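Have a look at the structure below, then the notes.
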Amino acid sequence: MTMSQRQKDRILDSLITIILFIIFIAMLYPFYYVLILSFNKGTDSLTGAIYFWPSSFTFENYERFLSDPHWYKAFFVTVMRTLSGTLLGVLFTSIVAYGLSHQNLLFRKTYFTIIIFAMYFSGGLIPYYVVLRSLGLLNSFGVYIIPSMLSTFFLLIAITFFKDIPGELKESAHIDGANEVVIFFKVILPVSMPLIATMALFTGVGQWNSWLDSAYFVQSDNLRTLAYRMMEVINKSNAPMDSIAIANSSSVGVTSYSLQLAAMVISVAPIVCVYPFLQKYFVSGVMLGSVKG
C-alpha cells in the first residue's frame, strides 16, 4: 500500500468518525435535554436559555408526579407484569418454536399456515374483547400475561434459529438417555442465549410500555399499570386548568410540560438500565432474522 493510499484511508476514517460523532450527538442530545428539563423548575423552563444543565434544579416535577399513592401499586403491577410476562412469553414461544422446528412433526404445514394467517389478519378489538370475556380474563391480572404468551413474530425467528442448531447435539443427548424436555432445557436453551436475550428485551419493553389493555380490559384501580397512570397524568396536564390550579402550579414551579418530561424519564429509565446487561446478546441476536432464513 502506497503512502498516498494510507493518507487517503486516514482522511476517510477521520471523516467517517466525525460524521458518526455528529450523528451520535444529534441522537443523544434530545434525550439529555428532556432529562435536564425534568430536573428544572417548569416555570423557569418557559423562559428558555437552558441547553446543558438545569438553571433552577429541583425535584418538584418528580415529587408532584409520584405524590399520588396509586403510583406505588401501579409500579408493583408493572414490575410483576413485566417479569412474569417476559418469562412466560419467552418460555412458551421457545417451547412452541422448538416443537415446530422438527421436520417430522405431524401437520407441520398446517400449523405454519395458522401462524402466518394469525400474523397478517386480526379479528379486531370487539371480537378480541369477546374472547377475553369468554375466557374470564377481563379485569384480572391474567389479561396482561396470557394473551401475550405467544409471539408469532419471534416464533418464526426462533424456529429458524432452532433448525440451525447442529443435530449432533440432540443426537448425543438422546444417546445419553435424555428426553425432549431435558434436551430443550439443558442443551437447546443454553446455546440460544442471543435469541433468548433478544426476545426478552423486546417482550419486556412491550410489557413495560403497554397501557391499552389496562385502559380497555381493566376497571380495577388496583390493576392499573405505570404506563396507564402516566397517560392519565399527561392527559390531565393537557386539560384546561382553572385559575386556582394555575396559581398553585406557578407557586411550586411545576407546569404541565414539566410533568410530561418527568413521565418520559420515568418510563425510559428502567429500559435504559437493563439494556447494557443484554447488549452483547442483543447485538448478535438482532441479526437472526436477516442472516438466517
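Within segment 147-182, track down each residue that is out of contact with any helix residue (DSSP H, G or I) (no Cβ under 6 Å at 6 or more places or on another chain) and among the aromatic types (Phe, Trp, Tyr). Before the answer, list the steps.
Quick first cut of segment 147-182, residues out of contact with any helix residue (DSSP H, G or I) (no Cβ under 6 Å at 6 or more places or on another chain) only: 147, 153, 156, 160, 163-168, 171-172, 174-182.
Listed by number, the list holds a single entry, 153.
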Residues (over 26 Å from the mean Cα position of the chain (by Cα) and among the aromatic types (Phe, Trp, Tyr)) located in segment 55-81
57, 59
Name the helices (runs of 4 or more DSSP H) wholly inside segment 162-239 in which the number of residues that are more than 19 Å from residue 150 (Cβ to Cβ) and acidic (Asp, Glu) is 2 or more.
167-175
Verdict on residue 55 being outside any helix (DSSP H, G or I) and closer than 30 Å to residue 203 by Cα:
no
Assuming residue 49 fulfils every condition listed in (1) exposed (fewer than 13 other Cβ atoms within 10 Å of the Cβ); (2) small (Gly, Ala, Ser); (3) not in a loop (DSSP other than H, G, I, E, B) apart from one, which condition is it?
(3)
Of those in segment 181-196 that are at pLDDT 85 or above and crowded, with 16+ Cβ neighbours inside 10 Å, the residue farthest from the chain's Cα centre (by Cα) is 183
With within 22 Å of residue 163 (Cα to Cα), among the aliphatic types (A, V, I, L, M) and modelled with pLDDT of 70 or more as the only criterion, which of 264, 199 stands out?
199
List the pairs whose first member sits in segment 10-35 and is touching a residue at least 24 places away in the same chain (Cβ under 8 Å), whose second member is of a type in the set (A, V, I, L, M, F, W, C), and whose Cβ atoms are under 7 Å apart, counting only residues at least 6 apart or on separate chains?
34/261; 34/264; 34/265; 35/265
Would you confirm whether any residue within segment 104-118 is among the small types (Gly, Ala, Ser), within 26 Å of the chain's Cα centre (by Cα) and surrounded by 16 or more Cβ atoms within 10 Å (Cβ to Cβ)?
no
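For segment 142-167, name all the residues that are among the aromatic types (Phe, Trp, Tyr), open to solvent by less than 70 Å² (accessible area, probe 1.4 Å) and closer than 21 Å to residue 204 by Cα.
Pass one, segment 142-167, residues among the aromatic types (Phe, Trp, Tyr): 144, 153-154, 161-162.
In the following step, the residues that additionally are open to solvent by less than 70 Å² (accessible area, probe 1.4 Å) were identified as 144, 154, 161-162.
Matches in segment 142-167: 144, 154, 161.
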Restricting to segment 21-46, count the residues that are of a type outside the set (Asp, Glu), assigned to a helix (DSSP H, G or I) and more than 24 Å from residue 271 (Cα to Cα).
4
Quick one: residue 63 ticks every box in (1) over 19 Å from residue 254 (Cβ atoms); (2) open to solvent by 70 Å² or more (accessible area, probe 1.4 Å); (3) in a helix (DSSP H, G or I) bar one, so which box is it?
(1)
Looking at segment 15-50, which of its residues are closer than 12 Å to residue 261 by Cβ, under 29 Å from the mean Cα position of the chain (by Cα) and of a type in the set (A, V, I, L, M)?
34, 35, 36, 37
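The values are calculated or read from the model by the stated rules, or taken from the named source; none is laboratory data. Just so it is clear, the model here is predicted, and its values are computed rather than measured. Here the Cβ is made from the backbone with ideal geometry for all residues, glycine too, and neighbour counts use every protein chain on show. Surface areas here come from the heavy atoms of the whole protein model, side chains and all, with no ligands, DNA or RNA. Shrake-Rupley method; radii C 1.70, N 1.55, O 1.52, S 1.80 Å.
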